[in-house]
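Asks: My questions all concern the structure below.
Where a number appears in this text, it was derived from the coordinates with a stated rule and is not lab data. Bear in mind that the values here come from a model prediction, so they are computed numbers and not experimental data. Here the Cβ positions follow ideal geometry from the backbone for every residue, glycine too, while neighbour counts run over all protein chains shown.
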Amino acid sequence: MTVAIFFKFRTFITSAMGLALACLLVGCGGLSGTADSRGESATPSAGRASTPWDVTSTGPAGGPSWLHRTFPGKASNQFAYLKLDGRNAMGVTSSASASMLRKVVSIEPAQLDAVRFSWKVPALIAGADMALRDKDDSPVRLVLAFDGDRSKLSPRDHMLSELARALTGEDMPYATLMYVWCNSREPGSVLMNPRTDRIRKLVLESGPKRLNRWLDYERDIRADYLKVFGEEPGRLIAVGIMTDTDNTKSTAQAWYGPVVLGSATVAGK
C-alpha cells in the first residue's frame, strides 16, 4: 500500500480501530512471544499460561498458549483466573475497553467437531446494540476465526484486510463466527457486523431472563458456520473470548468457563 493510499483512508482506519479491529484480527497467526511486528502487545499476562483455566481450555487442538491481545487506541480489559461456584473461570472486567484472550489453532475442515464453553453474566450492557456501529458491545463473546478462499472476498473486504495489515501487521481472517448475548434479538438470530459481512454473530442468549447463572453450551461448529455463512467452513485458525464496552463507554463483568474443542462424547472416550 502506498503512503498516499494509506493517508487517503486514514479516517476509515481510525473508525475501524475498535471492536471491528479486534474481530478482524482474532484469527491472525504469526505472533511472536513478545509483541507483533508493530509493537502492539500480544503477550499473556504474567503467570497466565499456568492457570487451571488455560490448562483445561486446550482441547484436542493443543498448540500455543492463550494470549492477551490488545488493540491500538483502546483501553484493555482486565482478565483474572478464579474459582467461581466450584468452577475454573476466567473473569473479565471491561470499562470502556476492548481486548481479548486468543488462542491460535489449526484444525482442518474435515476435523471440525464441536466447541464446548460456558459463561456467567451478571448484567446486560444498557444501550448496546450489536447491529449498530456505535453501540456494538456485548457482555460475552466466543469467537471462532476461519481461513478460506480469499479470492471470494469483496473489493471492500480486500481493502479492509489491507488496511488492517497496514495498521497492525496482520490480515483479517476470511470469516469470523461469534456466539453472543444480545439485549433483545431472539436466540438463533444472525447479526452482521456493521463494517463487514465477514464477521457474523449468532445470538445464543437474549434479554435478562438467564442472567446470574452458569450457562453451558456445546455447539456444532460446521452446522453453525453453514447456517451463518451459507457455505462450508474452511480451516479453523483461532478461538477467542471477549467482553467489550468501548462503544457504549460503560462497564461490564463476566466469567467464562474453559473453552474446549471437541464434543463431550469424543472427549469422554
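Asks: Counting Lys +1, Arg +1, Asp -1, Glu -1, what net charge surrounds Val203 among other residues with beta carbon under 13 Å of its beta carbon?
Replies: So the environment of Val203 carries a net charge of +3.
Asks: Once label points are set 7 Å from the Cα along Cα→Cβ at both Ala264 and Asp149, what is their separation, rounded to one decimal in nm?
Replies: 3.7
Asks: Assign unit charges at the C-beta atoms only (+1 for Lys and Arg, -1 for Asp and Glu), then state the dipole size of region 150-269 relative to its Cα centre in Debye, rounded to the nearest 20. Intermediate values should be presented prior to the final figure.
Replies: Details: 18 positive and 15 negative charges, 28 e Å.
Rounded to the nearest 20 debye, it is 140 debye.
Asks: What's the center-to-center distance, using Cα atoms, between region 157-192 and region 69-124 in Å?
Replies: Using only Cα atoms, the two centres lie 16 Å from each other.
Asks: Once you place label points 7 Å from the Cα toward the Cβ at Ser95 and Thr56, how far apart are they in nm?
Replies: The answer from the label model is 2.9 nm.
Asks: Ala110: net charge of surrounding residues, Cβ under 12 Å, Lys/Arg +1, Asp/Glu -1, itself excluded? Please report the intermediate quantities before stating the final value.
Replies: Working: positive: Arg222, Arg235; negative: Glu108, Asp113, Glu232.
Result for the local shell: -1.
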